[in-house]
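The values are calculated or read from the model by the stated rules, or taken from the named source; none is laboratory data. Quick caveat, the model's predicted, so the values are computed rather than measured. Glycine also receives a Cβ, built like all others from the backbone with ideal geometry; neighbour counts cover every protein chain displayed. All accessible areas refer to the heavy atoms of the entire protein, side chains included, with ligands and DNA or RNA removed. Shrake-Rupley method; radii C 1.70, N 1.55, O 1.52, S 1.80 Å.
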Amino acid sequence: MDLAKLIDHTVLLPDCSSEDIEALCEEAHKHRFAAVCVPPYFVRDVVRKLEDSPVRVATVIGFPMGYACTPAKVEEVKRAIEEGVDEVDVVINICAVKNGHWAYVKNDIESMTMATHARGKVIKVILEVGLLDEEEIKQLCEICNQVGVNFVKTSTGLNGGATVEVISMLREQLNDQIKIKASGGIRNREAAEALIEAGAARLGTSAGTEIIK
């Protein structure tokens, strides 16, 4: 299994440095990872560093809490794409989910998806499964099916990680066209391969180089 092609090599720490980002890009280019995922602040530099590389550039939207208002998140999407990203990882509004405001949740996801797809880019919707119950996850999967997102992602990595059980449940609930990105706590090859076998098509991790070794 060529795991490198399935890894989003990631640095999203609040205190990450330009040196951290430089190393991330060098490792991603060397190992031909699927993408790098970096804070919006570094997008312009990363796009420039990887302009001659097949590695895609991703950033996060509404990260990590997701409860910014929808117009603000849409503007984040537009700005990121203007600066050159190929993919956006967007956080749902968990507050709205927990209050049962499903129309708001759907509009939030749909608005960000439309802004992304209108510019020909890829959207990954972060559910933060560690904060959700099974019924909430199923409802969110149905919304993602209706909207037609590209990926559903398990978590930001700040509130629990990906498990085989969660990936299997998501795969059962999602349309075949929607891929799954496992994220959070993926530190070794054994865990990575188990998640792929359960149905994940992409892995978000800061341990990409360790995993492929």
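Distance from the C-alpha centroid of segment 138-213 to that of segment 25-83: 19 Å, rounded to the whole angstrom. When the surface is traced with a 1.4 Å probe over the full set of protein chains, Asp2 keeps roughly 80 Å² accessible. Of (1) -0.63, -1.40; (2) -0.55, -1.31; (3) -0.71, -1.46, which is the value of log10 I(q)/I(0) by the Debye sum over Cα atoms at q = 0.12, 0.18 Å⁻¹ derived from the coordinates here? Step by step, log10 I(q)/I(0) by the Debye sum over Cα atoms at q = 0.12, 0.18 Å⁻¹ for this structure corresponds to label (2). Given Lys49/Lys179; Lys138/Lys181; Lys121/Lys181; Lys30/Lys179, which pairs have Cα atoms separated by over 20 Å? In this structure, Lys49/Lys179; Lys30/Lys179 exceed 20 Å between Cα atoms. Among the GluC sites (Glu not before Pro) in segment 29-109, those located in a DSSP loop and surrounded by at most 10 other Cβ atoms within 10 Å of their own Cβ are Glu51. Counting only protein heavy atoms and a 1.4 Å probe, segment 121-213 has 42 square angstrom of accessible area per residue.
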